[in-house]
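Report on the structure given below.
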Amino acid sequence: MTQNELIQALPKAELHVHIEGTFEPELMFAIAQRNGVAIPYQNIDEVKAAYQFHNLQSFLDIYYAGANVLLQQQDFYDLAWAYFERCAADRVVHTEIFFDPQTHTDRGVAFATVINGLQAACDDAKSKLGISSHLIMSFLRHLSEEAAFATLEQALPYQSQIIAVGLDSSELGHPPSKFARVFAKARELGFLVVAHAGEEGPPEYVWEALDVLKVNRIDHGVRAEEDAHLMQRLIADKMPLTVCPLSNLKLCVVNDMAQHNIQRLLKQGVQVTVNSDDPAYFGGYVNANFTTIAEALQLSADEIKQLAANSFESAFISAEDKQYWL
Ligand code: HPA
Ligand code: ZN
């Protein structure tokens, strides 16, 4: 069996994907047309040509613009359903999906429209494709603490459909501690908590995610390697890092995939996983992330199997479900 065949055959969980980041240009055009919304591109090639990023912010500007065409419940359903079809093709059997309600509610789209569309697709993924899923509601960290509190309030009627809260968007200048009180409230309400930290931000942001937000997982976290004490902490706590290799390359967090630190982190005993982040923008879904690092870093079959096992180990699923896939 070749490495790529092994990657294709292994059951995997995805733990770091933004549903708005799975918006393929073809679907974006179709939804823009049926909603009568103008987009600043003439055709698919023009869209793809615009996807040249030099840092996180240059991506976020285009990502938020793309999400503007999403208006109806059916739009959110179609977006999520298209992603689930990609999961099926990649043998992703469980996925934990971020959604950014503020990206939509700030445009006048109701919270209910967003979550009802996503939930209907999650239900169909289970019944038609056998894929299990959870939703993670992510706060936009460039917005205020007050706005995050208002979003948490809006989520309460849907709490049973939301496993965790997260923190994404522009990292630099918006440390996790800005949201200490919102996360404390979310934990008190019974949500699990995760946060993007150490993607562009320094190791101090990862410390804050651990000690102030008390996260159950770190999203990205690759800059933790710069702090030996932090590395010891992550290893001792078996703290999962949801690493996104193609994202790191496209956003210039690393300059060359051969330099990516995921294999070093794995060898040192950090519980790293492989994820796609925003696959429509970064050039590939879960298996493309695996095959790209397998080739660039010469991963062994055992390392590939460990990464897939880590995805279930790190998932918000029962011990029985972990056992089933491991
Ligand atoms: N980082 C921060 N915010 C995001 C990302 C990311 O990689 N993707 C979508 N929102
Ligand atoms: Zn992300």
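Values quoted throughout were computed directly from the atomic coordinates according to the rules given, and no laboratory measurement underlies them. Given the structure is predicted, the values throughout are model-derived calculations rather than measurements. So basically every Cβ, Gly included, is an ideal-geometry build from the backbone, and we count neighbours across all protein chains shown.
Among the residues of the stretch 38-60, write down those that are surrounded by 12 or more Cβ atoms within 10 Å (Cβ to Cβ) and either more than 16 Å from ligand 2 (Cβ to nearest atom) or not in a helix (DSSP H, G or I) (or both).
Answer for the stretch 38-60, where residues must be surrounded by 12 or more Cβ atoms within 10 Å (Cβ to Cβ) and either more than 16 Å from ligand 2 (Cβ to nearest atom) or not in a helix (DSSP H, G or I) (or both): I39, Y41, I44, E46, V47, K48, A50, Y51, F53, N55.
I'm told L167 meets every condition in (1) touching a strand residue (DSSP E or B) at 6+ places or on another chain (Cβ under 9 Å); (2) more than 15 Å from ligand 1 (Cβ to nearest atom) except one. Can you identify the failing condition by its number?
(2)
What's the number of the condition K128 fails, among (1) outside any helix (DSSP H, G or I); (2) without any contact (Cβ under 8 Å) to a residue 24 or more places away in the chain?
Every listed condition holds for K128 apart from (1).
Check R181, R187, R217 and return the single one that is touching a strand residue (DSSP E or B) at 6+ places or on another chain (Cβ under 9 Å), closer than 20 Å to A147 by Cα, away from ligand 1 (no atom under 12 Å from the Cβ) and in contact (Cβ under 8 Å) with a residue 12 or more places away in the chain.
Result of the check over R181, R187, R217: R187.
Does S138 satisfy being surrounded by fewer than 16 Cβ atoms within 10 Å (Cβ to Cβ) and either polar (S, T, N, Q) or touching a helix residue (DSSP H, G or I) at 6+ places or on another chain (Cβ under 6 Å) (or both)?
no
In this structure, does R233 turn out to be touching a residue at least 12 places away in the same chain (Cβ under 8 Å), within 16 Å of ligand 2 (Cβ to nearest atom), in a helix (DSSP H, G or I) and within 22 Å of F183 (Cβ to Cβ)?
So R233 does not fit the description; no.
Kindly indicate the residue of the stretch 4-37 that is among the charged types (D, E, K, R), over 20 Å from L71 (Cα atoms) and more than 15 Å from ligand 1 (Cβ to nearest atom) and also surrounded by the most Cβ atoms within 10 Å (Cβ to Cβ) among those meeting that condition.
The selected residue is K12.
On the given criteria, is F316 closer than 17 Å to S132 by Cα, out of contact with any Lys or Arg (no Cβ under 7 Å at 6 or more places or on another chain) and either in a helix (DSSP H, G or I) or more than 16 Å from ligand 1 (Cβ to nearest atom) (or both)?
Criteria met by F316.
Quick check on my filter: what residues within the stretch 61-72 are part of a helix (DSSP H, G or I) and buried (at least 19 other Cβ atoms within 10 Å of the Cβ)?
Across the stretch 61-72, the qualifying residues are Y63, G66, A67.
I need a count of the residues in the stretch 171-190 that are in contact with a Lys or Arg (Cβ under 9 Å, 6 or more places away or on another chain) and either of a type in the set (K, R) or crowded, with 17+ Cβ neighbours inside 10 Å (or both).
Selection size over the stretch 171-190: 8.
What are the pairs, 6+ residues apart or on separate chains, where a residue within the stretch 273-298 that is within 16 Å of ligand 1 (Cβ to nearest atom) has its Cβ under 6 Å from a residue that is part of a helix (DSSP H, G or I) and of a type in the set (D, E, K, R)?
That search, which allows pairs on different chains as well, returns F282/K250; Y285/R86; Y285/D90; V286/D90.
Give just the number: which of (1) in a loop (DSSP other than H, G, I, E, B); (2) in contact with a helix residue (DSSP H, G or I) (Cβ under 7 Å, 6 or more places away or on another chain); (3) away from ligand 1 (no atom under 16 Å from the Cβ) does M1 not satisfy?
All conditions pass for M1, except number (2).
Could you pull out the residue among Y63, Y77 that is under 30 Å from D219 (Cα atoms) and within 16 Å of ligand 1 (Cβ to nearest atom)?
Only one candidate passes the filter, namely Y63.
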